[in-house]
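Let me begin by presenting the structure, written as structure tokens, before commenting on it.
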Amino acid sequence: MTVQESCSLIDLKDVWTTYEGASCPVIKGVSFTIKAGEFVVIGGPNGAGKTTLLEAITGLLPLVRGTVTVCGKGVPHEGTTVRCNVGYVIQNFDFHPFTPYTVEEVVRMGRYGRIGWFKRESKEDFEVAQDAMRKLGIEHLKDELIGKLSGGQQQKVLIAHNLAKKPSILLLDEPFSNLDLITRDEVSSLLCQVCDSGVPVLMVSHAFDSLPDRDIRVLVMQGGHMVLDSHSAAGNVADLIRSVPVAG
Amino acid sequence: MLEFLIPNNVLCHAVEAMFFASIGCAILSVLITQMNIASIGFTMSHAAFAGGAAGVFFGLPMMISATALSVLTALVMGPLSYRTRMHTDTTLGVLFGTMMALAIFFIALMQSTGRGFDASALLYGNVVSLYREEIYALALIMLVIILLITLFSKEITAITFHRKMAEISGIRVQPVYYLLLLLIAIMVALCLPIVGGLLLYVWLVTPAAIAYQFCATIRQMFIAAPIVAACTSVIGAFVGITYSLPVGPLTAVLFSGVFVSAVALSPKRRVKNQTY
Ligand SMILES: Nc1ncnc2c1ncn2[C@@H]1O[C@H](COP(=O)(O)OP(=O)(O)O)[C@@H](O)[C@H]1O
Ligand SMILES: [Mg+2]
């Protein structure tokens, strides 16, 4: 047990958020805390507000009510500082086939926020990015254009982009949706390693048979509410989520 | 500045102006096309056009009034276009229509009061009638653009790749985005007297469109677009002035010609016939 492990890295208190122009709030009164080393799966039906929850944590959305504290910083007020330290693999990306960036460039970009204004990439920044590519097994693609890769390969590039950041927290939004079964297992054990190093992993996912074999905290969202917060072994997550009664 | 190379003073000024303008515009064109803000560039260039028209009508320096209105438009469009992309195109369409209407209103007024020459300079540009200060201003903005692009190369690379991912990686996207809009606003205003309000847009989009045909990475585009634009514009100025043709429209047509050839020769459109 390290000191870090005992303090909460993400702390939501009665959070309400909405999108510009939306008629009613999308997240309604959600509270929870996440500590170092936790592996969290967020489930729930489409449109439940899972993606929105991740955006609220990263400070991309204004809060209507409540507070979000990430690594001790208030969000969205200190959003930029928080985002320098939080990995967030987004759900919807579609790159045009001729998007003029190579895989290596995209992975290196993960560090740009951390490096800060007016500074150049150091040798260390470069090496961390290479290491992230190696972990995802995409070094051989480094000179390919990102848009020319398959959806699953792009997904791996985005994960590497976020690992290159050396995040204190890792958020992933349906990271398995484009991956084949074997790659899912590889990514899953990689996430497990990340988690074991003390970095909490929060993952929105419906691919329950690809979860790592460890204690998993399961959060279920429904209509903007958090309807379940429980622990489960990897094999029982699907049953646990099925057991939640569907409201309305 | 280049008198030692080109003894003909008129030609020399035209070449200098076209050179500086095309390099500045070409760099911005890469950003505009990669960030999908072409409609913003379009609106801004017409704002400069309207500002220039109002300036000429009221007897103010064209550059000042054009800069004022295009910067004002940038300030309005920045917040409008930054967050949501929803309805932005519609709003820009309205704004663009307003600017065009303003410009045409003043031009029509000038023509009905017998100031046709002023009006045509606005429409088509007049590279021959530039003041020395205007050329210096163009050189300065070109240098400023190059400097800022170099200084903020990380941020700009990330933002042109994916604005949301740039934001997530901890980059302050908003100030960089506003800075770019401001640069576009100043650049279009300074180019107005050279290429005219109706053709400004060609310089803001075509260079990147040409470079895109044969460049794989953004770095290559930032180098190729200014080179192509500068060559085309300088050739346009040479030919136009030597044969007394209107320089702005001639160069714009040249750009289109280069673009069509680039598309025809582009490796991106080639399908390899391989036998296995
Ligand atoms: N940009 C947006 N503007 C307005 N409403 C949105 C936006 N994005 C999502 N929503 C609404 O928020 C709700 C939750 O969306 P989301 O968080 O993406 O769901 P999911 O749980 O499937 O990830 C949906 O009902 C959707 O209609
Ligand atoms: Mg979602």
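The values are calculated or read from the model by the stated rules, or taken from the named source; none is laboratory data. Please read all numbers here as calculations on a predicted model, not as lab measurements. Counting neighbours? That spans all protein chains shown, and the Cβs are built from the backbone with ideal geometry, glycine included. These accessible areas exclude ligands, DNA and RNA; they are computed on the full protein's heavy atoms, side chains included. Shrake-Rupley method; radii C 1.70, N 1.55, O 1.52, S 1.80 Å.
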Protein accessible surface hidden between A and B, which excludes ligands and nucleic acids, total in Å², probe 1.4 Å: 2900
For the range A:59-200, the spread of Cα positions along each principal axis, largest first, Å: 43, 38, 31
Net +/- balance of residues flanking residue A:27 in space, Cβ distance below 13 Å, scoring K and R +1, D and E -1: +2
Chain A: Rg to Rh, with Rh as the Kirkwood radius over Cα pairs: 0.96
Tail beyond 12 Å, pair distance distribution of the range A:171-212 (Cα, percent): 56
Global form of the range B:1-153, assessed from the alpha-carbon gyration tensor, a/c cut-off 1.5: oblate
Summed residue charge, Cβ within 9 Å of residue A:115's Cβ, Lys/Arg positive, Asp/Glu negative: +3
Tail fraction, Cα-Cα pairs, the range B:121-232, threshold 24 Å, whole percent: 32
Contact order relative to length of the range B:1-118, as percent, for alpha carbon pairs under 8 angstrom and 6 or more apart: 26
Cα gyration tensor, the range A:1-114 - rounded (a/c under 1.5), prolate or oblate: oblate
Cα-Cα over 20 Å, subset of A:28/B:164; A:28/A:50; A:142/B:154; A:73/A:123: A:28/B:164; A:73/A:123
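If contacts are Cα pairs under 8 angstrom and at least 6 residues apart, what is the relative contact order of chain B in percent?
32
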Measure of compaction for the range A:54-112 (Cα Rg per 2.2 N^0.38 Å): 1.38
DSSP-defined antiparallel bridges as percent of all bridges, the range A:133-248, nearest 5: 65
Sequence-separation-based contact order of chain A, relative, with Cα cut under 8 Å and 6+ spacing, percent: 25
Gap separating the Cα centres of the range A:82-147 and the range A:166-241, nearest whole Å: 23
Calculated P(r) tail over 28 Å for the protein assembly as shown, as whole % of Cα pairs: 60
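Of the accessible area of the range B:9-268, with the probe set at 1.4 angstrom, what percent is carbon plus sulfur?
C and S fraction of accessible area: 75 percent.
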Computed magnitude of the charge dipole of the range B:9-268 (debye, nearest 20; Cβ of K, R +1, Cβ of D, E -1): 580
Accessible area per residue, Å², chain B with all protein chains present, probe 1.4 Å: 43
Sulfur and carbon atoms: percent of accessible area, chain A [1.4 Å]: 51
Cα gyration tensor shape for the range B:9-268, rounded if a/c is under 1.5, else prolate or oblate: oblate
